[in-house]
1. Kindly provide the set of residues from region 25-70 that are in contact with a Phe, Trp or Tyr (Cβ under 8 Å, 6 or more places away or on another chain), among the hydrophobic types (A, V, I, L, M, F, W, C) and more than 13 Å from CYS201 (Cα to Cα), ordered by number.
2. For region 216-252, name all the residues that are out of contact with any Gly (no Cβ under 9 Å at 6 or more places or on another chain), closer than 23 Å to ILE59 by Cα, assigned to a loop (DSSP other than H, G, I, E, B) and not small (Gly, Ala, Ser).
3. Of all residues in region 111-127, count the ones that are closer than 15 Å to GLY167 by Cα and either polar (S, T, N, Q) or in a loop (DSSP other than H, G, I, E, B) (or both).
4. Conditions first: (1) surrounded by fewer than 22 Cβ atoms within 10 Å (Cβ to Cβ); (2) under 15 Å from VAL120 (Cβ atoms); (3) not charged (D, E, K, R). PHE67 passes all but one, so which condition is the exception?
5. Within region 137-167, count every residue that is under 21 Å from VAL120 (Cβ atoms), part of a loop (DSSP other than H, G, I, E, B) and either touching a residue at least 12 places away in the same chain (Cβ under 8 Å) or touching a Phe, Trp or Tyr at 6+ places or on another chain (Cβ under 9 Å) (or both).
6. Name the residues in region 124-136 that are crowded, with 20+ Cβ neighbours inside 10 Å and either in contact (Cβ under 8 Å) with a residue 60 or more places away in the chain or closer than 19 Å to GLY223 by Cα (or both), would you?
7. Quick one: which residue in LEU172, LEU117 is within 26 Å of LEU50 (Cβ to Cβ), surrounded by fewer than 21 Cβ atoms within 10 Å (Cβ to Cβ) and not basic (Lys, Arg)?
8. So the check is Cβ under 7 Å with 6+ separation or different chains; which pairs have a first residue in region 49-61 that's in contact (Cβ under 8 Å) with a residue 24 or more places away in the chain and a second one that's surrounded by fewer than 20 Cβ atoms within 10 Å (Cβ to Cβ) and in a loop (DSSP other than H, G, I, E, B)?
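The values are calculated or read from the model by the stated rules, or taken from the named source; none is laboratory data. Note that the structure is a prediction, hence the values are computed from the model and not measured. Because the Cβ atoms are built from the backbone with ideal geometry, glycine has one as well, and the counts that use them run over all protein chains shown.
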Amino acid sequence: MLDVDAYFRRIDYRGALTPSYGTLRDLHLTHLHTVPFENLDIHFGRPIVLDEDALFDKIVRRRRGGFCYELNGLFSALLRELGFRVTRLSAGVLDGGTYGPDFDHMTLLVELDQRYLADVGFGDAFWEPLRLDDSQEQIQRGRRFRLSHDGRVGTMLFEHTTGVPDGYRFSLHPRGFAEYEDMCRFHQTSPESTFTQRRVCSKATPTGRITLRDTRLIVTEHGERREGLLSEDDWVQALERDFGISPSEFDR
């Protein structure tokens, strides 16, 4: 059984527990503000294990982050423990005008009075769950999102701050953890994967976003962006200061 209280302490959540949209929205936003999207284990040479106990140890007990399979995988377990109807979905990420393969990404379907797309593992995208069956633009913080589906396959699209279209195509067929293992291994090992090419640690903040991309620190506040280069020592300090990742993680 998932230790819900420990998970709540990890994400500093003190809100409602009933399976409602309000609870889902608050958990989603709080998660994005406290648990970073990061790929550091790949660069530490540590295998990522798609197992709820292993993910709980990493994200909750050791106060780390992860990438999509880890973050959405564990978040779905929390939602299920609280009584939500949640399904893991396979998605292919949009890149250069084409969609990646199945299981390139994990996203979540949550069914309440309406159906919602939830995703705490896609980096800089939407902050609150999106209405799956609403084909109109859904606007969050000035960013426009559009969802569409034909009952089997759907897309989630938005325009990134760079002006480039971003998003993914997803299947509405339920998936199990084991089905993501091959693509999870690809992203950990292939030189073609963006995750092997650079270190990333990033999380949303109430006023914007903070990101470490290799040794570059990028901070966005109220739409204003500033960047700076860090030494390796400063990089380690920034991980602890801005993301709560202890230097002891480097010695495991």
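1. LEU27, LEU29, PHE44, ILE48, LEU50, PHE56, VAL60
2. ARG252 - this is the single residue of region 216-252 that is out of contact with any Gly (no Cβ under 9 Å at 6 or more places or on another chain), closer than 23 Å to ILE59 by Cα, assigned to a loop (DSSP other than H, G, I, E, B) and not small (Gly, Ala, Ser).
3. Residues meeting the conditions: 9.
4. Result: PHE67 fails condition (1) only.
5. Total meeting the criteria: 3.
6. ALA125, PHE126, PRO129
7. Details: LEU117 fails: surrounded by fewer than 21 Cβ atoms within 10 Å (Cβ to Cβ).
Sole residue among the options that is within 26 Å of LEU50 (Cβ to Cβ), surrounded by fewer than 21 Cβ atoms within 10 Å (Cβ to Cβ) and not basic (Lys, Arg): LEU172.
8. Pairs that qualify, where the first residue is in contact (Cβ under 8 Å) with a residue 24 or more places away in the chain and the partner is surrounded by fewer than 20 Cβ atoms within 10 Å (Cβ to Cβ) and in a loop (DSSP other than H, G, I, E, B), are PHE56/LEU2.
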